[in-house]
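Report on the structure given below.
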């Protein structure tokens with residue numbers, strides 16, 4: 001929550017009076033310390049030092065490990081120490097690592113459940129994000145997972161993350177809803193108006209086989225269309241892009257096969273993580289962040305959700321009833 005509200009809430013809960021400026025100062029100090037500790041770990045990893053694994057129960061260790069990544073835009077100040085000027089939107093890369101379990105609802109239905117969630121976030125480019133995700137993946141002993149799953153949309157940068165870190169051991173479905181969005185692009189190119197009855201019929205006839213194991217037929221149909229010479233240059237370019245997209249991801253759109261293996265087909269888990277970690281705190285009305293202010297608070301939020309917040313207080317005895325909650 002914002003610093004002013006946090007100050008008020010702390011007073012209501014504890015009776016202690018701590019100003020919002022004191023809370024801000026603490027975040028800058030502890031956030032900077034947490035960043036330095038993280039950089040030390042990254043340097044050790046780059047030097048070939050073995051990263052220690054986090055302890056995990058044998059029950060959770062036997063579950064599949066899913067890793068999903070996405071980006072979310074955050075508003076930043078154009079000039080340090082002033083809110084004047086046009087907002088600069090910058091992307092924060094976010095990843096979630098979670099064991100895939102199940103739970104039974106009140107209606108006696110078995111549904112998926114994310115267990116032992118760990119988040120990674122970085123303001124910066126893909127090359128800065130890769131070592132950070134690699135560090136967390138090693139802590140979770142990703143290579144020992146019985147099944148490793150990589151989930152992402154069609155962003156080229158995140159698929160480079162997959163090729164760099166996980167292509168040798170992970171199953172990697174392309175987010176189905178993103179794939180369906182590409183079919184919608186092709187439909188729009190063909191008919192000009194994707195809302196017409198004819199266009200909607202074409203879209204449904206393509207979407208169904210894509211979802212149910214006939215992805216190669218969809219790819220062949222797109223290939224026939226781009227060789228038909230029936231479309232204008234703009235429509236042809238769009239169809240060519242969609243065909244190339246599915247050709248590039250042909251191994252990642254085998255949705256019937258993935259479903260039979262009980263592998264998720266969507267990247268909703270990371271979209272939820274982006275909302276929880278970033279959007280709820282950093283995208284409030286009128287907010288504009290400095291880079292340091294953002295980074296210091298972000299790393300503390302990551303420590304909280306990853307159950308490592310208490311390690312920031314090594315000299316304080318924290319009763320178990322007050323420790324960071326298991327998420």
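The values are calculated or read from the model by the stated rules, or taken from the named source; none is laboratory data. Quantities reported herein were computed from a predicted structural model and do not represent experimental measurements. Neighbour counts are summed over all protein chains in view; Cβ atoms, including those assigned to glycine, are modelled from backbone coordinates with ideal geometry.
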Considering only segment 155-176, how many residues are surrounded by fewer than 17 Cβ atoms within 10 Å (Cβ to Cβ), touching a helix residue (DSSP H, G or I) at 6+ places or on another chain (Cβ under 8 Å) and part of a loop (DSSP other than H, G, I, E, B)?
-> 1
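Hey, among the residues in segment 108-128 that are touching a strand residue (DSSP E or B) at 6+ places or on another chain (Cβ under 9 Å) and either surrounded by fewer than 12 Cβ atoms within 10 Å (Cβ to Cβ) or without any contact (Cβ under 8 Å) to a residue 40 or more places away in the chain (or both), which one's nearest to residue 294 (Cα to Cα)?
So the first thing to find is which residues in segment 108-128 are touching a strand residue (DSSP E or B) at 6+ places or on another chain (Cβ under 9 Å), and the list is 110-126, 128.
Keeping just the survivors that are either surrounded by fewer than 12 Cβ atoms within 10 Å (Cβ to Cβ) or without any contact (Cβ under 8 Å) to a residue 40 or more places away in the chain (or both) gives 110-111, 113, 122, 124-126, 128.
Details: 110: 39, 111: 36, 113: 30, 122: 10, 124: 12, 125: 16, 126: 18, 128: 16 Å.
It comes out as 122.
Condition test on residue 229, is it under 30 Å from residue 110 (Cα atoms) and exposed (fewer than 12 other Cβ atoms within 10 Å of the Cβ)? Working first, answer last.
Numbers: under 30 Å from residue 110 (Cα atoms): no; exposed (fewer than 12 other Cβ atoms within 10 Å of the Cβ): yes.
Criteria not met by residue 229.
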Per the list (1) assigned by TED's automatic domain parsing to the domain that holds residue 210; (2) under 30 Å from residue 149 (Cβ atoms); (3) out of contact with any strand residue (DSSP E or B) (no Cβ under 6 Å at 6 or more places or on another chain), residue check on residue 249 breaks on (3)
Taking the condition in a helix (DSSP H, G or I) and either at pLDDT below 95 or not assigned by TED's automatic domain parsing to the domain that holds residue 46 (or both), does residue 128 pass?
-> no
Of the residues 113, 134, 106, which single one is farther than 26 Å from residue 237 by Cβ and at pLDDT 95 or above?
-> 134
Residue in segment 287-297 that is outside the structural domain of residue 206 (by TED's automatic domain parsing), free of Cβ contacts under 8 Å to residues at least 40 places away in the same chain and buried (at least 17 other Cβ atoms within 10 Å of the Cβ) present = no
Wholly within segment 1-107, helices (runs of 4 or more DSSP H) carrying at least 2 residues that are surrounded by 11 or more Cβ atoms within 10 Å (Cβ to Cβ) and not assigned by TED's automatic domain parsing to the domain that holds residue 153 = 3-14, 20-46
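Among the residues in segment 175-182, are any under 27 Å from residue 152 (Cα atoms) and touching a strand residue (DSSP E or B) at 6+ places or on another chain (Cβ under 7 Å)? Let's see the steps before the verdict.
Going residue by residue through segment 175-182, those that are under 27 Å from residue 152 (Cα atoms) are 175-182.
If we keep only those that are touching a strand residue (DSSP E or B) at 6+ places or on another chain (Cβ under 7 Å) too, we end up with 175.
Yes: segment 175-182 contains one or more residues that are under 27 Å from residue 152 (Cα atoms) and touching a strand residue (DSSP E or B) at 6+ places or on another chain (Cβ under 7 Å).
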Hey, could you check segment 131-150 for residues that are touching a strand residue (DSSP E or B) at 6+ places or on another chain (Cβ under 8 Å) and in a loop (DSSP other than H, G, I, E, B) and say which is surrounded by the most Cβ atoms within 10 Å (Cβ to Cβ)?
-> 145
Subset of segment 303-317, residues out of contact with any helix residue (DSSP H, G or I) (no Cβ under 6 Å at 6 or more places or on another chain), surrounded by 10 or more Cβ atoms within 10 Å (Cβ to Cβ), without any contact (Cβ under 8 Å) to a residue 60 or more places away in the chain and over 17 Å from residue 55 (Cβ atoms), comes to 304, 313
Give the residues of segment 108-125 that are part of a loop (DSSP other than H, G, I, E, B) and at positive phi, sorted by residue number.
-> 108, 124
